[in-house]
Amino acid sequence: MTNYLATANLLTCCEALVTMKAAGIDLATTYDAIAISSGTSFVHETESQVILNGSRNINFTMDLVKKDIGLFQEIADRAGVPLEISPLMIEIFRDGISRYGERAQSDDIIRRLEEATGLNITAPGFPAEMTDDEPEEPGYEVIPHGRTAS
């Protein structure tokens, strides 16, 4: 579920970046505007940076995305939930894999839009890779709202 949500956010970040570039808006300004607004997210604040750098290196590949969103679709199918966005996301990554290969970085999915528009979605000043400087912590137990830990 969480990787499904992150993938949906990745795809919408890609569409936002390409649309703003096509509209003539500076991409660094676009990044900052999203980061200070209701549209921001962990995905935007990390993955949009390596997209704008051009490295697209988030250390997660298209085949892994396709597997994760496919598992989410399987859960929905078993539960009888007629999803609309999920099948489209699966098709987008199926197409990305056919174009760029299974082991292509997941953020390279933006190339589909770059190729369709002829635009280059890069900007100076963004890092080639994201680093996590936070110390390792133990995992957290999910305690549902309104309940206490047992």
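Considering each residue of region 55-74, count those that are free of Cβ contacts under 8 Å to residues at least 60 places away in the same chain and either under 14 Å from the mean Cα position of the chain (by Cα) or more than 27 Å from residue 45 (Cα to Cα) (or both), and give that number.
Matching residues across region 55-74 total 8.
Just name the residue that is nearest to the chain's Cα centre (by Cα) out of those in region 96-110 that are part of a helix (DSSP H, G or I) and of a type in the set (D, E, K, R).
107
Within region 111-150, which residues are assigned to a loop (DSSP other than H, G, I, E, B), surrounded by 14 or more Cβ atoms within 10 Å (Cβ to Cβ), under 17 Å from the mean Cα position of the chain (by Cα) and of a type outside the set (Val, Ile, Thr)?
126, 130
Restricting to region 31-55, count the residues that are among the polar types (S, T, N, Q) and within 12 Å of residue 122 (Cβ to Cβ).
4
Values quoted throughout were computed directly from the atomic coordinates according to the rules given, and no laboratory measurement underlies them. Keep in mind that this is a model prediction, so the values were computed, not measured. Note that each Cβ is placed from the backbone with ideal geometry, even for glycine, and that neighbours are counted across all protein chains shown.
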